[in-house]
1. Taking the condition buried (at least 21 other Cβ atoms within 10 Å of the Cβ), farther than 24 Å from residue 15 by Cβ and more than 16 Å from the ligand (Cβ to nearest atom), does residue 169 pass?
2. So, residue 147, is that one more than 17 Å from residue 39 (Cβ to Cβ), under 19 Å from the mean Cα position of the chain (by Cα) and modelled with pLDDT under 95 or not?
3. For the stretch 121-145, which positions are within 23 Å of residue 198 (Cα to Cα) and not in a helix (DSSP H, G or I)?
4. Answer yes if at least one residue in the stretch 191-198 is in a loop (DSSP other than H, G, I, E, B) and within 13 Å of the ligand (Cβ to nearest atom), and no otherwise.
5. Any residue at all in the stretch 146-162 that's away from the ligand (no atom under 16 Å from the Cβ) and either within 14 Å of residue 16 (Cα to Cα) or part of a loop (DSSP other than H, G, I, E, B) (or both)?
6. Look through 117, 48 and report the one residue that is modelled with pLDDT under 95 and either more than 30 Å from residue 216 (Cβ to Cβ) or in contact with a helix residue (DSSP H, G or I) (Cβ under 7 Å, 6 or more places away or on another chain) (or both).
7. Does residue 187 satisfy the condition of being surrounded by 15 or more Cβ atoms within 10 Å (Cβ to Cβ) and either within 11 Å of the ligand (Cβ to nearest atom) or farther than 13 Å from residue 17 by Cα (or both)?
8. When residue 179 is evaluated against the numbered criteria (1) farther than 24 Å from residue 45 by Cβ; (2) within 13 Å of the ligand (Cβ to nearest atom); (3) touching a residue at least 12 places away in the same chain (Cβ under 8 Å), which criterion, by number, is the only one it fails?
Ligand code: SF4
């Protein structure tokens, strides 16, 4: 593929995103939650496991520990028993207790609605903070996970697509600079869903991908 101008790349990104919008008209957060605290804890629990598994344990968790104050002072072993199916249950139990205790003592049980405050909570990085901002507070947020990193690289939506260790913060900055803020949360959802359903890590299903006519990485049979 000849070197692509910035203007052409931007036009292609928007055209490809339009196709993703049509294919996935109503993307949604796959984690079940009823308030920002539940989403924050569920997002922390979702590391190294599936959202479906997280959804299978959180109803019981939040029924017994509905507030940061209660979860933050819980017996770690009782939490481990509930979240056991998620794997890494000891460290995850310790993480959500510490996080909840901090929310209770520093923020009076109220999840802060700013990036600057969210990332001061233990174990909360920009990815988790963006999930909470975008989905619980409807404040534009663009979480960069492994799917977003892979798909934006294959599509060459980002200039560092050759990098083997791309910087998530740089990805967030570059991709969000190309789309209006009101689109960021759904843009991330759609890239994640596309990565899960079609642009798989090992064998992308290019033959059945709606982006295969313009994607620079398309491998057609
Ligand atoms: S054409 Fe292939 S590599 Fe490109 S986005 Fe689609 S599945 Fe991924």
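1. Numbers: buried (at least 21 other Cβ atoms within 10 Å of the Cβ): no; farther than 24 Å from residue 15 by Cβ: yes; more than 16 Å from the ligand (Cβ to nearest atom): yes.
No, not satisfied.
2. Working: more than 17 Å from residue 39 (Cβ to Cβ): yes; under 19 Å from the mean Cα position of the chain (by Cα): yes; modelled with pLDDT under 95: no.
Here the answer is no, as residue 147 does not meet what is asked.
3. Pass one, the stretch 121-145, residues within 23 Å of residue 198 (Cα to Cα): 127, 131, 142-145.
Those that are within 23 Å of residue 198 (Cα to Cα) and not in a helix (DSSP H, G or I): 142, 143, 144, 145.
4. Of the residues in the stretch 191-198, the ones in a loop (DSSP other than H, G, I, E, B) are 198.
Still in the list and also within 13 Å of the ligand (Cβ to nearest atom): 198.
Yes, there is a match, as at least one residue in the stretch 191-198 is in a loop (DSSP other than H, G, I, E, B) and within 13 Å of the ligand (Cβ to nearest atom).
5. We begin by selecting, within the stretch 146-162, every residue away from the ligand (no atom under 16 Å from the Cβ); these are 159-160.
Filter again for either within 14 Å of residue 16 (Cα to Cα) or part of a loop (DSSP other than H, G, I, E, B) (or both), leaving 159-160.
Yes - at least one qualifying residue is present in the stretch 146-162.
6. Numbers: 117 fails: modelled with pLDDT under 95.
Going through 117, 48 in turn, just one is modelled with pLDDT under 95 and either more than 30 Å from residue 216 (Cβ to Cβ) or in contact with a helix residue (DSSP H, G or I) (Cβ under 7 Å, 6 or more places away or on another chain) (or both): 48.
7. Numbers: surrounded by 15 or more Cβ atoms within 10 Å (Cβ to Cβ): yes; either within 11 Å of the ligand (Cβ to nearest atom) or farther than 13 Å from residue 17 by Cα (or both): no.
Answer is no for this residue.
8. For residue 179, the failing item is (2).
The values are calculated or read from the model by the stated rules, or taken from the named source; none is laboratory data. Just so we're clear, the structure is a prediction, and the values are computed from it rather than from any experiment. So basically every Cβ, Gly included, is an ideal-geometry build from the backbone, and we count neighbours across all protein chains shown.
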